[in-house]
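The values are calculated or read from the model by the stated rules, or taken from the named source; none is laboratory data. Keep in mind it's a predicted model, so treat the numbers as computed, not measured. Neighbour counts are summed over all protein chains in view; Cβ atoms, including those assigned to glycine, are modelled from backbone coordinates with ideal geometry.
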Amino acid sequence: MTGFIESLEISNSPYVNAALSILVFIVIAKIIDLIVDKVLRKIASFTKSRIDDKIIDLVRGPIFFTVIITGCIFAVAYPNLELKSAFYFNGILYSVLAVIWCVTAIRISSLIIERAIYRISDATGLSRDIVPLVENISKIAIIIAGLMMVLSIWKLNITPIIASAGIAGAAVAFAAKDTIANLFGGISVFMDKPFKIGDYIVLDQGERGEVVAIGVRSTRIRTRDDIQITVPNSIIANTKIINESAPIPNYRTRIPVAVAYGSDIDIVQETLLNIAAENTNVLAEPSPRVRFRAFGESSLNFELLCWIKEPALRGFTIHELNCGIYKKFQEIKIKIPFPQRDVHIYRD
């Protein structure tokens, strides 16, 4: 800084040199502003996203005024002010810089948060109503950081403030531990993406339903009985989840079928495959298949395996297939056995 100041000393008057310093930095600020507006905006035009253009609009003004304030800081060194006066002048200028960039950081963070949440919302179905909440949290964090910076500029002892903030933060964290656990659970759900809106999931406790909303605190599921279940995200993050809609939306169903001993197993298999092929909810690819599973106590146990279009159709499709199997077996005289016992009475 000393060499730069000496290079601008073209007059015996320190005030003239200070004014010239400010004037030089105004010119530099204008040149940098033109570079930012023309060059950086040209580079940003090659990207598909518009967020970089918005960021350039947000930082142009702060960069311009930062260069000018830097010139003012240089100018303060010319008159050889008393240490106390120089300290106050520099403190005011640095504080103005801190405020300018805090406001800029808040605007940029709001822009990025809104953009990020919208993208997460499109991918996971997260409600966009949380944008104000996240923005307010980021604003508070930036304001606190800016306040600490201003206090350090004015050489104020911030250790007691940090200690008090730490104690207050610990008390708040202890009082809101469940809320914080749900918040971090929600973050893990957004990051891992185990499911999205519209997926059919089964929780470890046995609840099954369609995901209708994913919030910061909880996830809501609607069962097939049109009952809405709200599950805290802390539980979602620490439980086993079966996603019946992933990785593909198709759902494989298994229908056990028992026939009497003596039945023609070839006819049984052909009949089951035909019934599956005639159902409009059953996919042709992967193709349905029949497996002979076991010799039961009173029956031959088969299993019809087929893929249906989506998990929501599981119950209705099983109903249709069961009805079709029962009617067809009656038509072709294939018996469906049931447990029977023969009682023999012996007389002495």
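Here are a few things to note about the model shown:
- Residue match in region 313-321 (condition: in a strand (DSSP E or B) and not assigned by TED's automatic domain parsing to the domain that holds Gly198): no
- Which listed residue is farther than 27 Å from Ile142 by Cβ, in contact (Cβ under 8 Å) with a residue 12 or more places away in the chain and surrounded by 15 or more Cβ atoms within 10 Å (Cβ to Cβ), from Ala98, Ala44, Ala77: Ala77
- When residues of region 232-264 are limited to those that are more than 29 Å from Phe338 (Cβ to Cβ) and touching a Leu at 6+ places or on another chain (Cβ under 7 Å), the one surrounded by the fewest Cβ atoms within 10 Å (Cβ to Cβ): Thr239
- Filtering region 177-195 to residues that are basic (Lys, Arg) and either farther than 25 Å from Ala246 by Cα or free of Cβ contacts under 8 Å to residues at least 24 places away in the same chain (or both) leaves only Lys177.
- Which listed residue, of Ser109, Ser85, Ser49, is of a type in the set (S, T, N, Q) and farther than 30 Å from Asp192 by Cα: Ser85
Every residue, every condition in (1) touching a strand residue (DSSP E or B) at 6+ places or on another chain (Cβ under 6 Å); (2) assigned to a strand (DSSP E or B); (3) of a type outside the set (A, V, I, L, M, F, W, C), yes or no:
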position: Ile255; (1), (2), (3): yes, yes, no
position: Arg293; (1), (2), (3): yes, yes, yes
position: Tyr326; (1), (2), (3): no, no, yes
position: Gln340; (1), (2), (3): no, no, yes
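- Considered as a group, the residues in region 265-284 that are charged (D, E, K, R) and under 13 Å from Ile332 (Cβ atoms) include one that is surrounded by the most Cβ atoms within 10 Å (Cβ to Cβ), and that residue is Glu270.
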